[in-house]
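The values are calculated or read from the model by the stated rules, or taken from the named source; none is laboratory data. All figures in this text were calculated on a predicted structure; none of them were measured in a lab. Counting neighbours? That spans all protein chains shown, and the Cβs are built from the backbone with ideal geometry, glycine included.
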Amino acid sequence: MITRRMLGPVVLLVALLLPAAVAVAQGPVDVVATITAEDVMQHVRALSVAIGARPMGGEAESRAAEYIAAAFRDWGYAVEVQSFEVAPPGDEEASAEPVTSRNVIAVKPGGEGMVVVGAHVDSVTAGTGAGDNASGVAAMLAAAEVLQDVEPVHTLVFVAFGAEEGGSPSGASVYVDSLGDEIANVVAMINVDSVGVGTGLNVYAGAKITWPEAEDAAPEIEGGPVWVRDLALELAAGLGLPFGTSPDDTWGGFTGDWSDHYAFVLQDVPVAYFEAWQWEDAADPWWGQETAEGDVMHTAGDVYENVVPQKVENAAELLAALTLALVTGDGVPE
Ligand SMILES: [Zn+2]
């Protein structure tokens, strides 16, 4: 459980005398003081050490989904498991047999508007998917725990996606398809993918992009709404959390099409994407690199010991602050 020791004597007294929802409704949630490194690292451990690598369709991905669903239920969210068939990645001639994956969807009902926070559960088989993406799921779970007593104006939805690592269809696209016309009610989507290993924490805006025919040419960035990213960066500055974004000479504050957010971008949903990454001194300035030594994700080095607790903690803190500002409607433009 998250310790609430820093909330101060007045809030604590109110919390003792009244239902928790009232205490939260009476004052802002101090997310930085409330979320600790241990809160997030217990989830990274559960997913990447106790369970281990979580390839799509396997038993480990299923056990991870059960762990996440149980946590959401403990905190009072309504949980739905959305199963789907997916073709895992593999060379085309192998015609991989479809496997069953699932999204774990946790809901706290508010109004018609929806704020969706997502992180993928599955991993590749190299390493144990500690940074990619037990770290993102851990940040999402810590945010869900700290926001459990919030009374949202917009419906709050957390989704632990299956089958992100090259699955067809991905869990995110299955979820977006399942919304049908309701996708128009999604006020904002926040994707948390790999926030534990890279050199610096970043928030990007989502953009529709086109890859060129020529392999070494730059992608064409059509762009998209930037207010969710800008709200996140404003909140980070106010909270003293060290977040940047992608460099002006390449992505210019946007990101590409390689994770769960893109299914939402294609439906014109405003998106923010949290990632730990290094943009300076990279051989390919469009790719960047994860750390000074190179990329860790999708290698044998993506293990618990290489996750930096403070990065996941800070990601969880900003995620909680941003989600709170969005579900209360305070941070949403008219
Ligand atoms: Zn990932």
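General remarks:
- For Ala325: the one exception among (1) more than 30 Å from Pro152 (Cβ to Cβ); (2) in a helix (DSSP H, G or I): (1)
- Only residues that are part of a helix (DSSP H, G or I), more than 16 Å from the ligand (Cβ to nearest atom) and buried (at least 24 other Cβ atoms within 10 Å of the Cβ) were counted in segment 146-174, giving 1.
- For segment 281-312, taking the residues that are assigned to a strand (DSSP E or B) and touching a strand residue (DSSP E or B) at 6+ places or on another chain (Cβ under 8 Å), the one that is surrounded by the fewest Cβ atoms within 10 Å (Cβ to Cβ) is identified as Thr291.
- Check on Asp122, farther than 26 Å from Phe254 by Cα and either among the β-branched types (Val, Ile, Thr) or assigned to a loop (DSSP other than H, G, I, E, B) (or both): no
- From the options Val117, Val203, residue that is touching a Lys or Arg at 6+ places or on another chain (Cβ under 6 Å), buried (at least 24 other Cβ atoms within 10 Å of the Cβ) and at pLDDT 95 or above: Val203
- Where Val186 falls short, out of the listed (1) surrounded by fewer than 24 Cβ atoms within 10 Å (Cβ to Cβ); (2) within 16 Å of the ligand (Cβ to nearest atom): (2)
- Inspection of segment 132-142 identifies no residue that is part of a strand (DSSP E or B), at pLDDT 95 or above and touching an Asp or Glu at 6+ places or on another chain (Cβ under 8 Å).
- Every pair of residues 6+ apart whose Cβ atoms lie under 8 Å, when the first sits in segment 155-179 and is among the hydroxyl-bearing types (Ser, Thr, Tyr) while the second is within 16 Å of the ligand (Cβ to nearest atom) and part of a helix (DSSP H, G or I): Ser170/Ala263; Ser173/Ala263; Tyr175/Ala263
- Among the residues of segment 261-274, the ones that are surrounded by fewer than 24 Cβ atoms within 10 Å (Cβ to Cβ) and closer than 18 Å to Glu165 by Cβ come to 1 in all.
- So Trp258, is it part of a loop (DSSP other than H, G, I, E, B), surrounded by fewer than 21 Cβ atoms within 10 Å (Cβ to Cβ) and within 16 Å of the ligand (Cβ to nearest atom): yes
- Residue in segment 208-222 that is assigned to a loop (DSSP other than H, G, I, E, B), more than 17 Å from Gly136 (Cα to Cα) and within 16 Å of the ligand (Cβ to nearest atom) present: no
- In segment 71-87 there is no residue matching the filter, namely being more than 18 Å from Gly166 (Cα to Cα), part of a helix (DSSP H, G or I), of a type outside the set (Asp, Glu) and within 15 Å of the ligand (Cβ to nearest atom).
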